[in-house]
1. Being in contact with a strand residue (DSSP E or B) (Cβ under 9 Å, 6 or more places away or on another chain), surrounded by fewer than 21 Cβ atoms within 10 Å (Cβ to Cβ) and either closer than 23 Å to residue 158 by Cβ or not hydroxyl-bearing (Ser, Thr, Tyr) (or both) is the requirement here; does residue 80 meet it?
2. Assuming residue 77 fulfils every condition listed in (1) over 17 Å from residue 33 (Cα atoms); (2) within 17 Å of the chain's Cα centre (by Cα); (3) not aliphatic (A, V, I, L, M) apart from one, which condition is it?
3. May I ask you to verify whether residue 69 is modelled with pLDDT under 95, buried (at least 20 other Cβ atoms within 10 Å of the Cβ) and outside any helix (DSSP H, G or I)?
4. Can you run down the residue pairs with Cβ atoms below 6 Å, 6 or more apart or on separate chains, where the first is in region 98-122 and surrounded by 20 or more Cβ atoms within 10 Å (Cβ to Cβ) and the partner is part of a loop (DSSP other than H, G, I, E, B) and among the hydroxyl-bearing types (Ser, Thr, Tyr)?
5. Tally the residues that are polar (S, T, N, Q), farther than 14 Å from residue 15 by Cα and modelled with pLDDT of 85 or more, restricting the search to region 146-182.
6. Which of (1) more than 13 Å from residue 74 (Cα to Cα); (2) modelled with pLDDT under 95; (3) within 15 Å of the chain's Cα centre (by Cα) is the odd one out, the single condition residue 143 does not satisfy?
Amino acid sequence: MNTNKAIMKKIQRHDYDGNDIISTRTITINPVEYTQENMERLIQTIRDNLTPDLLKFKRLKYKGDSRYYGHCYHSTHALFLILNTDRLVPMSGEDFRGENHWWLQDKETQTIYDCTPEQYYIKEQQPPYDKGKKSSWYGWKGRPLVCTMNLVKRVAIHENIFLDDIETFVNQNDLNKFLKSS
């Protein structure tokens, strides 16, 4: 595994009350260098860590379609966050179901990195790469989804690049609310 040991990367997700930040979750990792070998390994590690609990808050039209269905966005975003590169861009395109599918694409070589293409192949369909457009990440103010953060942590632990996962609160009342809801 090629990681940039000299570089630490902090991946943050803020929680808000209106426009005010009330807590911040910070996962710190040693990001992985962008190479073909690392991409293949990371994509497999992500696939191995896709579980139904990551879909808990998703409204899926075709439940049970495939073990990969519904996981394209957070798996793509997790892969993007784990890497140390500016060559990859998030792409999405409408598929045969009328839903968006997500993947990463290299700006220079146009190489496609898709964590969940099997959801199409088992339906004898092709991923919608031909309809792909450069896309912005979902989430208010571009913050990663909770399931993306959880997947980043799982993969980082597996890849031995995980350093820390800290939740900080602006005040004691917010901490108390969090503890009661846990």
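1. So residue 80 passes the test.
2. Of everything listed in (1) over 17 Å from residue 33 (Cα atoms); (2) within 17 Å of the chain's Cα centre (by Cα); (3) not aliphatic (A, V, I, L, M), residue 77 misses just condition (1).
3. Details: modelled with pLDDT under 95: yes; buried (at least 20 other Cβ atoms within 10 Å of the Cβ): yes; outside any helix (DSSP H, G or I): yes.
The answer is yes for residue 69.
4. 116/68; 119/66; 119/68; 119/69
5. Selection size over region 146-182: 3.
6. All conditions pass for residue 143, except number (1).
The values are calculated or read from the model by the stated rules, or taken from the named source; none is laboratory data. This structure is a prediction, so every number in the text was calculated from the model and none was measured. All Cβ positions, glycine included, derive from the backbone under ideal geometry; neighbour counts span all protein chains shown.
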